Structure formats: structure tokens, C-alpha cells
1. Would you point out the residue of segment 56-67, among those that are at pLDDT below 90 and either polar (S, T, N, Q) or within 18 Å of Asn114 (Cβ to Cβ) (or both), that is surrounded by the fewest Cβ atoms within 10 Å (Cβ to Cβ)?
2. Could you list all residues from segment 85-108 that are aliphatic (A, V, I, L, M) and at pLDDT 50 or above?
3. Ile22 versus (1) touching a Phe, Trp or Tyr at 6+ places or on another chain (Cβ under 9 Å); (2) modelled with pLDDT of 55 or more; (3) open to solvent by 70 Å² or more (accessible area, probe 1.4 Å): which is the lone unmet condition?
4. Restricted to segment 39-55, and to residues that are among the small types (Gly, Ala, Ser) and touching a strand residue (DSSP E or B) at 6+ places or on another chain (Cβ under 7 Å), which residue is most open to solvent (accessible area, probe 1.4 Å)?
5. Against the condition modelled with pLDDT of 75 or more, more than 15 Å from Leu124 (Cβ to Cβ) and aromatic (Phe, Trp, Tyr), how does Phe43 come out, does it pass?
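The values are calculated or read from the model by the stated rules, or taken from the named source; none is laboratory data. Every value quoted in this text rests on a predicted model; they were computed, and no experiment measured them. Glycine gets a Cβ as well: all are built from the backbone with ideal geometry, and neighbour counts include every protein chain shown. SASA here: full protein model, heavy atoms, side chains in, ligands and nucleic acids out. Shrake-Rupley method; radii C 1.70, N 1.55, O 1.52, S 1.80 Å.
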Amino acid sequence: MGSYLSNSISVQFIIAIYAINILDIVSIIGITFNNAIEESHKFNNKSDAKIDAMYYQEDGDFEFEIRNRVAEDVKLTSDILSEEGYSTKKNHAGIGLANVKRIASKYEQFMLINYGIKDGWFTLDLEIMPDDENMEEG
């Protein structure tokens, strides 16, 4: 299968969030990019495949959003999308968003994740609020 995406990604940021394991944040971001790239390969016309990502950090708050075009405009709830074993990909285990949900559940008081499909776009928003107690100590 040929690659439709020509990309170079360089991300540098400092996350001053002490209550969350940095590897969990990297896992979430990695899963979402991987899913977006895999979905982009489904497009016959490479100009239809699009991925937008951004992050914002201020006063200890960290926000990350990624969105990608989906090949079929399906309406699925976030519960269905994050079900272990559910996948829009053929012959795939469907554990990516289930892992995102599992990771987020460890940090319910600090992390908000919302995602879904609307108007031909899959969008995931991640917000991490600082652990005020640890921020004061750090």
C-alpha cells in the first residue's frame, strides 16, 4: 500500500503537570495520530485526506486537539468508538481509543477527553488541568 501522506512532525513543549505520567500523555497523542494516519490511507483521492492538530499550554493548563477527515461520514457515539474490540478498520483489534479511555480514567480529576465524528471529521479534544497542590510545591 502506497503512502498518501507526506509529513514531518516536530513537537516541542514542556508539560508542567505533575500528577500525570508523561508516558500516558505520549500514549494518548500517539494513538490519536496513528488512528488519523490510518484513516487517511482509506481515501482514494489523497487530497481528501486531512489531519489537523494543535496544542496550547498556559498557566499549567494543557490542551490538545486532533481532527481528521473520515472516509465515510458515519455517526458513532464516543461510547461505541471507545469499546474494546470496535474498529472502523478491517482486521484490526480496536484497542486504540479503548486505551485512551482507560488512561483517562486514571486521571478523572485532572483530564477531560471528548471525541466523536461529525460532518465527516473525527475530532478528539484533550484537556489537562494542573494538580494545584503539586504546582504549588513545584
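1. Tyr56
2. Ile95, Leu97, Ala98, Val100, Ile103, Ala104
3. (1)
4. Applying the filter and picking the extreme gives Ala53.
5. Taking the combined requirement at face value, the residue satisfies it.
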